[in-house]
Amino acid sequence: MSLNSSAHLRLVHPPQLDDDARWAAVERRDAAVDGAFWSCVKTTGVYCLPSCSGRPKRENVIFVSTRAEAEAAGFRPCKRCRPERFVSGALQDRIEEIDWTRAHDALNAQGWAPLGRLLSDEDCSALIAGYEEDARYRSTVIMRRHGFGEGEYRYFTDPAPDLVSTLRARLYEKLAPVANEWRMTLKQKRDAYPAKLSAYRKRCAMAGQKRPTPLILKYGPGDYNRLHQDLYGGEVFPLQVAIVLSQPGRDFFGGEFVMTEQAPRRQSRAMVAPLEKGSAIAFAVNERPVECAHGTYRVKMRHGVSEIRDGARYCLGVIFHDAL
Ligand SMILES: [Fe+2]
Ligand SMILES: [Zn+2]
């Protein structure tokens, strides 16, 4: 499977343009340099792709090289050109471009963090098409048989396709510092999570957890996934990632990603994460620490999917611990 659509390949090494060249590209609405820089419009407070149909004045525009810079400066994505949906370059670079400081803050504050768009339409289509290729998977689970809900999912065999392996390895490296922070805060006895997924998978194997856990879930009309935790043995990495491969409101209706958290002596709180096709969310697998005036307490998280009212919803799940 290719990581990039050919239309995006030229941006693996984005051209270095000075501000005059950038402005000239904005004036001709040049889609060929989309992703190479972003224009922030001071008067409207939005940031845009060079190809945006908007017509800002030169004196109101400042240029930045990454979306994270635009967002950090307080600019919102333009509703016309939807710069937050744009994907280009190598998957590794897209993962590097995520504002990880903000993601870490969100994970600590609420137990989940939107990571923005990581997969292109082509990536999503390739994963969906691959769902029917039996050789890619080690097992298929019909959820009703286990009381998990309605729908089915398939675990990738080892090694998973490049795109899935790259996502798992790179996202692990970004999330391991949070996992270690939580381990310390929760005073867990387990060893520190190593910096690399390969080392962590060796530890899983020592604990008997040798089967890979990345999976694709497929839901049709009336399907749903009960609130649960993806635990596969004593070895647990406390965060996981989900990427929806279908567009809500077009490919499917309903099918919201729901999380609950249960604090000691409290009723559960429900949270619904907004998802767009190709966009990723990181969230707590089971427990996370919450700091309060009296110290730290732990809350239990669960996640699930509300009923799909119509259409088909595919989702890629990236779990970092392996299974027994
Ligand atoms: Fe799950
Ligand atoms: Zn725009």
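The values are calculated or read from the model by the stated rules, or taken from the named source; none is laboratory data. Keep in mind that what you see is a predicted model, and the values were worked out from it rather than measured. Don't worry about glycine lacking a Cβ; one is built from the backbone with ideal geometry, like all the others, and counts go over all protein chains shown.
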Next on the checklist: Would you confirm whether or not the stretch 1-21 contains a residue that is at pLDDT 95 or above and surrounded by 19 or more Cβ atoms within 10 Å (Cβ to Cβ)?
Outcome noted: no
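Okay, residues lined up against (1) within 28 Å of P159 (Cβ to Cβ); (2) of a type in the set (F, W, Y); (3) part of a helix (DSSP H, G or I):
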position: S88; (1), (2), (3): yes, no, no
position: R94; (1), (2), (3): yes, no, yes
position: R102; (1), (2), (3): no, no, yes
position: A109; (1), (2), (3): no, no, yes
position: L115; (1), (2), (3): yes, no, no
position: E122; (1), (2), (3): yes, no, yes
position: A126; (1), (2), (3): yes, no, yes
All conditions in (1) surrounded by 20 or more Cβ atoms within 10 Å (Cβ to Cβ); (2) in contact with a helix residue (DSSP H, G or I) (Cβ under 9 Å, 6 or more places away or on another chain); (3) farther than 20 Å from N286 by Cβ are true of A195 except (1)
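Residues checked against (1) modelled with pLDDT of 95 or more; (2) closer than 30 Å to P289 by Cβ; (3) not aliphatic (A, V, I, L, M):
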site: A36; (1), (2), (3): no, no, no
site: Y47; (1), (2), (3): yes, no, yes
site: E59; (1), (2), (3): yes, no, yes
site: I62; (1), (2), (3): yes, no, no
site: E69; (1), (2), (3): no, no, yes
site: T101; (1), (2), (3): no, yes, yes
site: L107; (1), (2), (3): yes, yes, no
site: W112; (1), (2), (3): yes, yes, yes
So the strands (runs of 3 or more DSSP E) completely within the stretch 159-245 holding 2 or more residues that are outside the structural domain of N108 (by TED's automatic domain parsing) are none
Pairs returned, first residue in the stretch 194-205 that is touching a residue at least 24 places away in the same chain (Cβ under 8 Å), second residue that is in a helix (DSSP H, G or I), beta-carbon separation under 6 angstrom, 6 or more apart or interchain, are L197/A169; L197/Y172
Taking the condition modelled with pLDDT of 95 or more, more than 28 Å from E122 (Cα to Cα), surrounded by fewer than 18 Cβ atoms within 10 Å (Cβ to Cβ) and in contact with a Ser or Thr (Cβ under 6 Å, 6 or more places away or on another chain), does A323 pass? no
